[in-house]
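Enquirer: This structure is in structure tokens; I'll ask about it shortly.
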Amino acid sequence: MKVYFFDCATGVYQGEGFEDEAVIEMIEGVTVVAPPPYRKGEIPVYQCERKAWTVKPLSPETETGPTPG
């Protein structure tokens, strides 16, 4: 089954792949809900509690990770 990967901590979209339907529920950071279309400068973010994607503008932190502090 086609699945979509996201970072568990941030919800940021990480790509797509295929997994056996029997094990999808056991894998963290995976959904069968496709992300919406997005443009350059935007990124889909998965909302686990809503089981839905939103599209957010990219920020420097999203592109490179948090700034060490």
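Enquirer: Just for segment 42-51: of the residues that are at pLDDT below 95 and not basic (Lys, Arg), which one is surrounded by the most Cβ atoms within 10 Å (Cβ to Cβ)?
Expert: Among those residues, the one meeting the criterion is Cys48.
Enquirer: Turning to a different aspect of this structure: Which one of these is surrounded by 12 or more Cβ atoms within 10 Å (Cβ to Cβ), at pLDDT 95 or above, of a type in the set (S, T, N, Q) and touching a helix residue (DSSP H, G or I) at 6+ places or on another chain (Cβ under 9 Å): Thr54, Thr31? Please lay out each step first, then the result.
Expert: Values: Thr54 fails: touching a helix residue (DSSP H, G or I) at 6+ places or on another chain (Cβ under 9 Å).
On inspection, the qualifying residue turns out to be Thr31.
Enquirer: Also: Could you please find all residues in segment 1-46 being of a type in the set (Phe, Trp, Tyr) and assigned to a loop (DSSP other than H, G, I, E, B)? Can you show your working first?
Expert: So the first thing to find is which residues in segment 1-46 are of a type in the set (Phe, Trp, Tyr), and the list is 4-6, 13, 18, 38, 46.
Within segment 1-46, Tyr38 is the sole residue that qualifies.
Enquirer: Every residue in segment 11-28 that is surrounded by 13 or more Cβ atoms within 10 Å (Cβ to Cβ) and on the phi > 0 side of the Ramachandran plot, please. Write out each step before concluding.
Expert: Here is the first cut: in segment 11-28, the ones surrounded by 13 or more Cβ atoms within 10 Å (Cβ to Cβ) are 11-14, 19, 24.
Of everything in segment 11-28, just one residue is surrounded by 13 or more Cβ atoms within 10 Å (Cβ to Cβ) and on the phi > 0 side of the Ramachandran plot, namely Gly11.
Enquirer: Does segment 1-17 hold any residues that are farther than 13 Å from Glu28 by Cβ and among the charged types (D, E, K, R), and which are they?
Expert: Within segment 1-17, Lys2, Glu16 meet the criteria.
The values are calculated or read from the model by the stated rules, or taken from the named source; none is laboratory data. Please read all numbers here as calculations on a predicted model, not as lab measurements. Backbone-built Cβ (ideal geometry, glycine too); neighbour counts: all protein chains shown.
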